[in-house]
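Novice: This is the structure I have questions about; it appears just below.
The values are calculated or read from the model by the stated rules, or taken from the named source; none is laboratory data. Since the model is a prediction, treat every value here as computed from it, not as a measurement. Every residue, glycine among them, receives a Cβ derived from its backbone with ideal geometry; neighbour counts consider all protein chains shown. Remember, those area values only see protein heavy atoms, side chains included, never the ligands or the DNA or RNA. Shrake-Rupley method; radii C 1.70, N 1.55, O 1.52, S 1.80 Å.
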Amino acid sequence: MRLHPKARPIISKLSLPTPIQKYFSNCEWDIDLSNNTNPYLGDLSDYPDIKQYQLKKLYLKTLLFLTPPPSFTENNKPPLTPNNILFTAGSMEAIDLLLRTFSEPNTDAICVTSPTFSAYEHWSLIHNLRVKKLPLYGDNLNQLSVDKVMRMNPKITFICDPNNPTGTKIKPELIQKLCDSLEGFVVIDEAYIEFSDHSSSIFNLHHHENLIILRTLSKAWGLAGVRCGAIIADASIINVLRYVQLPFTVSSPSQVSVKKQLLNPESTFASWRRIKKNRDDLIESLSKVKGVTKVFKSETNFIMVILNNFQKTMGLLQEHKIQVLDCSKNYPSAIRVSIGNEEQNKKFLDVIHFASKD
Ligand SMILES: Cc1ncc(COP(=O)(O)O)c(C=O)c1O
């Protein structure tokens, strides 16, 4: 298979990493004496399943169950298959992997919105890429100028949707316009999509070959400790990523944990309903507090809140040993608070009430 034309030129000079070559060749074997592993010590002495075909099928089934496709075979394109998925050690690995595969250090520009999740900028800078910031605007900070992005000519544009820390979602038309207008890749990080009632960009994959979706098992699926995320994209993109990804980053125990969670999703689904209800209750309560200037209408499991008296409130939260994220560097007087359990949310709200007293 020809490697993706937008991959860094160095990659076309390389083979797949040696330890994984045999899994992607046509050869078959009954006895594997090529790995220098210990034959006496059980299941984990083998390297993890690298193709994860069954796990990917199960994951796809779950994705499509959660957001049924409008008509996946539109334009006579085949439906999504395991060839469209690459599991990674969390989305953080996915971000780094995409940068290393497609963007040339000291040359390419990366576009990140502002405010957004800091990792896109962090790993771009590590790779000596130029980071161009695109300010989000509008009441919900969910509007962006496609023309501005086009002028930046980015190799990759990262859009977090719903966005961290605002919790708000961008209109699907804007994402489609971005994909249509840009030569580079548009990466939609859907780390929190399970908490939104609006649609995923997954169904646009068939219309845009430059679209890449990131998902993670760390948030809604409650598996942050397992380290598993997924890149969902055109098969030619997934193929070239294999040349760059460190072999076997998704361990066997991780794969077992993900499978277990996907096969028994009911309690996970119930927890989402509970978190969404608690979030909406907290948004309503916070909106009535005098010391709160603005509460963003979140579609995630956190809320961005603009405080009237930032220093005093942060001090009180600290005194009560409650951690929230200080976002004031990116947006004046802003904090991001995760939705905890009922008791934790109440304690947080009590402090906010207390801080509003004169
Ligand atoms: C938007 C976003 N993407 C990705 C991640 C990283 O997730 P993972 O645990 O899968 O690396 C986070 C974690 O906070 C996040 O907020």
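Novice: Using Cα positions and a limit of under 13 Å, work out the aspartates and glutamates in reach of residue 276, with same-chain residues fewer than 8 apart set aside.
Specialist: Filter leaves 194, 197, 284, 299, 342.
Novice: Once you place label points 7 Å from the Cα toward the Cβ at residue 341 and residue 294, how far apart are they in nm?
Specialist: A separation of 3.4 nm, rounded to one decimal place.
Novice: Another question, if that's okay. For 18, 88, write out the residues from largest to smallest accessible area, computed with a 1.4 angstrom probe and no ligands counted.
Specialist: On the way: 18 105, 88 0 Å².
Ranking 18, 88 by accessible area, largest first, yields 18, 88.
Novice: Right, here's the next one. List every residue whose amide H lies under 5 Å from the amide H of residue 211, counting only residues 5 or more places away in sequence or on a different chain, with H placed 1.01 Å from N in the peptide plane.
Specialist: Here 186 satisfy the definition.
Novice: Further question on the same structure: Probe radius 1.4 Å, ligands and nucleic acids left out: which of 107, 62, 67 has the largest accessible area, and how do the rest follow?
Specialist: Ranked list, largest accessible area first: 107, 67, 62.
Novice: Let me ask something else. Taking the dipole about the Cα centre of the chain, with the C-beta of Lys and Arg at +1 and of Asp and Glu at -1, give me whichever of 340, 267, 328 is farthest to the positive side.
Specialist: 328
Novice: Beyond 17 Å, what percent of the Cα pairs of region 267-355 remain?
Specialist: Value for region 267-355: 43 percent of Cα pairs lie more than 17 Å apart.
Novice: To continue, here is another question. Averaged over every viewing direction, what's the projected area of the C-alpha convex hull for region 304-358? Give it in nm², one decimal, please.
Specialist: 3.5
Novice: I've got another one for you. Hey, with R₀ at 41 Å, roughly what FRET efficiency would residue 264 and residue 147 work out to, going by the Cβ-Cβ distance, to 0.05?
Specialist: That pair, residue 264 with residue 147, gives E of 0.30.
Novice: Kindly provide the helix-only [θ] at 222 nm of the chain, computed as the sum of -39,500 (n - 2.57) over DSSP H runs of four or more divided by all residues, to the nearest 500 deg cm²/dmol?
Specialist: After summing the helix terms and dividing by residue count, I get -11000 deg cm²/dmol.
Novice: GNM on the chain, C-alpha springs below 10 Å: top fluctuator among 286, 141, 64?
Specialist: Ranking 286, 141, 64 by mean-square fluctuation puts 64 first.
Novice: Give me the angle, in degrees from 0 to 90, between the Cα long axis of helix 266-287 and the longest principal axis of the Cα atoms of the chain, rounded to the nearest 10.
Specialist: 30
Novice: Please check: in the Gaussian network model of the chain (C-alpha springs, under 10 Å), which one of 278, 83, 38 has the largest mean-square fluctuation.
Specialist: Of 278, 83, 38, the Gaussian network model singles out 38 as fluctuating most.
Novice: If only Cα atoms are counted, what is the Rg of region 53-202, and what is its Dmax, in Å?
Specialist: Answer for region 53-202, Rg first and Dmax second: 15.8, 44 Å.
Novice: Along the Cα-to-Cβ line of residue 122, 7 Å from the Cα, sits a label point; which residues in region 155-175 have backbone N less than 15 Å from it?
Specialist: 164-165, by backbone N distance to the label point.
Novice: If you don't mind, there's one more thing I want to ask. Just to check I understand the Karplus step: with θ = phi - 60° and J = 6.51 cos²θ - 1.76 cosθ + 1.60, what whole-Hz values come out for region 93-109, glycine and proline as x?
Specialist: Karplus-based 3J(HN,Hα) across region 93-109 equals 5, 4, 4, 4, 5, 5, 4, 5, 7, 10, 10, 8, x, 6, 10, 7, 10 Hz.
Novice: If you don't mind, another one. Hey, what angle do you get for helix 342-356 against the long axis of the chain, alpha-carbon based, 0 to 90 degrees rounded to 10?
Specialist: Around 40 degrees separate the two axes.
Novice: I would also like to ask the following. Taking 0.36 nm per residue of sequence separation and subtracting the Cα-Cα distance, how much length would be gained by fully extending the chain between residue 130 and residue 323, in nm to one decimal? Please report the intermediate quantities before stating the final value.
Specialist: Working: separation 193, 0.36 × 193 = 69.48 nm, distance 3.24 nm.
Contour length minus Cα-Cα distance gives 66.2 nm.
Novice: Now, a different point. For 49, 108, 280, what's the largest-to-smallest order of accessible area, 1.4 Å probe?
Specialist: From most exposed to least exposed: 49, 280, 108.
Novice: In the chain, what % of DSSP beta bridges are antiparallel (nearest 5)?
Specialist: 55
Novice: Using each residue's phi in region 322-337, evaluate 6.51 cos²θ - 1.76 cosθ + 1.60 at θ = phi - 60° and report the 3J(HN,Hα) Karplus result to the nearest Hz, with x for Gly and Pro.
Specialist: Coupling constants for region 322-337: 10, 8, 10, 8, 7, 10, 5, 5, 9, 8, x, 6, 9, 10, 10, 10 Hz.
Novice: Counting every Cα pair in the chain, what percent are over 38 Å apart?
Specialist: Looking at the chain, the distances longer than 38 Å represent 22 percent of pairs.
Novice: Which of the residue pairs 61/155; 56/177; 177/219; 61/259 have a Cα-Cα distance greater than 23 Å in the structure shown?
Specialist: 61/155; 56/177; 177/219
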